[in-house]
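Heads up: the structure comes next, in structure tokens.
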Amino acid sequence: MSYVDEVYDRVVKQNPGEGEFHQAVKEVLDSLRIVIDANEEKYRKAALLERLVEPERIISFRVPWVDDNGQVRVNKGFRVQFNSAIGPYKGGLRLHPSVNQGILKFLGFEQTFKNSLTGLPIGGGKGGSDFDPKGKSDREVMAFCQSFMTELSKYIGADQDVPAGDIGVGAREIGYLYGQYKRMTGLYEGVLTGKGLSYGGSLVRTQATGYGLIYILDEMLRRNGRELEGKNVVISGSGNVAIYASEKAIQLGAKVVALSDSNGYIYDKSGIRLDVVKEIKEVRRGRIKEYANEVASVAYTEGKGIWTIPCDIALPCATQNELNLEDAKSLKANGCFAVAEGANMPSTREATDFFLENGMLFMPGKAANAGGVATSALEMSQNSLRLSWSFDEVDKKLHEIMVGIYEKTAKAAKRYGVKGNYVAGANIAGFEKVVEAMMAQGIV
């Protein structure tokens, strides 16, 4: 049995019931097999893969808080500090009922490679809770965030672990978390990113993941003789990533025709009116079905059929494993030629394989959605320097980082004889930097 297969079998055996983590590890190790087999003796002796797939630290804790009726509630809190070989742990906090240790391990593992690809000195981590902020009052969200940070503050810091936002954690939640961190530690430092502009946040951070997705998509298309202008784009989700991917795609001449949420989707063949979406999602915190009430010619459809809509480009920006093999086949049959992932592992392994086997351009999430964490690292730099860069300065740096990620990904794929396979390229490019640092630092 090869070293890769031995390590994967060990992961499955030692982490039962953590399907997403198994999936992420298998995808990465399979695409790295060509690299690992060439260095098997060296890596095996150093137990490199065993260390790579095992988090350095997992913190689990209870989060008691009081709701508006005076009832005490208890949620589970986590922080997975996965790998610090190239810098302090960096990765978001997710608040959603689906959160568990296995999902956070998958996200932390992916984050390690994603952060490496940015070229910035940040390691991989992830955290969160099964708390659901939907339907909660501001006071209830504050009560939860303050309790959560009271415990988490013991394990994070500007040079140790720098969380950010993720699903369920926006500007409101970051504000409450940061206020409590400052209260607990007495430190005013860049320990959280995604902060408000009045207390250390960075311009472009709100737009960063969505903008970055379009920047790398545009680069991939141009390098393959295609262009974004004039193309129809379907985007799943209607949160921060989807909204700002839509905004940048429209600015570059594309037409976004569909958006969704967990209940259903809208299809506007004349092009989504982004001003209406922003009013619904950012001002009213509403659901995407309300778009159909505002734009009379548009129908709202319940369910998960968004990938049946004819399009040139598909951007899954909602959640993991939202796009399966049947969805991939529908996209191909309806004219889609390019897919770029705005979410973390939104395509199943079968769907990813289908895209690659059928010659579709496919950019995986660890490369395509790295704009958010890249701009978070730029926020960390601004905090350390005690200054703020302009919108254009940050946006230019973001664009350069995303083009750089494409370059690293494409070159790594070509170097190992799999030109055009950006899944393998992204994994190889991210792996090489992390492994070089791990080998240099000894057995830690």
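Here are some notes:
- Note on the chain: antiparallel DSSP beta bridges, both residues inside, total approximately 50 percent of the bridges counted.
- Förster radius 51 Å - calculated FRET efficiency between residue 296 and residue 60, Cβ distance, rounded to 0.05: 0.55
- Positive contributions from Lys and Arg (+1) and negative ones from Asp and Glu (-1), summed over other residues with Cβ under 12 Å from the Cβ of residue 188, come out at +3.
- Around the Cα centre of segment 208-363, unit charges on the Cβ atoms of Lys, Arg, Asp and Glu (plus for the first two, minus for the last two) sum to a dipole of about 160 debye.
- Listed peptides 333-344, 27-38, 56-67 appear in the order 333-344, 27-38, 56-67 once ranked by packing, highest mean of other Cβ atoms within 10 Å at the front.
- Positive-pole candidate from 234, 265, 286, dipole of segment 208-363, charges at beta carbon: 286
- Unit charges on C-beta of K, R, D, E only; dipole of segment 50-148, Debye: 120
- Extending 7 Å from the Cα toward the beta-carbon at both residue 10 and residue 284 defines two label points whose distance is 5.4 nm.
- Estimated from helical segments only, the mean residue ellipticity of the chain at 222 nm is -14500 deg cm²/dmol, where each DSSP H run of four or more residues counts as -39500 (n - 2.57).
- Residue-span extension gain [residue 67 to residue 188] - 0.36 nm each, minus C-alpha spacing: 40.7 nm
- Within segment 284-326, backbone nitrogen closer than 13 Å to the virtual label 7 Å beyond the Cα of residue 358 toward Cβ: 307-314, 324-326
- Maximal additional length on extending the residue 224-residue 137 stretch stands at 26.5 nm, based on 0.36 nm per residue less the C-alpha distance.
- DSSP-defined beta bridges in segment 57-188 - what % are antiparallel, rounded to 5: 65
- Positive-end extreme of charge dipole, the chain - chosen from 141, 311, 323 (charges on Cβ): 141
- ³J(HN,Hα) computed for each position of segment 311-326 - Karplus, 6.51 cos²θ - 1.76 cosθ + 1.60, integer Hz, glycine/proline x: 7, 8, 9, 10, 10, x, 10, 9, 7, 5, 6, 7, 10, 9, 4, 4
- Listed peptides 144-157, 345-358, 208-221, 8-21 by packing density, highest first (mean Cβ within 10 Å): 208-221, 144-157, 345-358, 8-21
- Förster radius 30 Å - calculated FRET efficiency between residue 325 and residue 270, Cβ distance, rounded to 0.05: 0.45
- Label-point separation in nm, residue 158 to residue 414, each point 7 Å along Cα→Cβ: 4.1
- Using R0 = 30 Å, the C-beta based FRET efficiency linking residue 198 and residue 263 works out to 0.30.
- Each peptide in 367-376, 323-332, 83-92, 178-187 receives the mean, over its residues, of other Cβ atoms within 10 Å, and ordering these scores from highest gives 367-376, 83-92, 323-332, 178-187.
Read-outs throughout are calculated quantities, based only on the coordinates presented, and are distinct from any laboratory measurement. Computed from a predicted structure; not experimentally measured. A quick note on method: Cβ atoms are made from the backbone with ideal geometry, for glycine too, and the neighbour counts reach across all protein chains shown.
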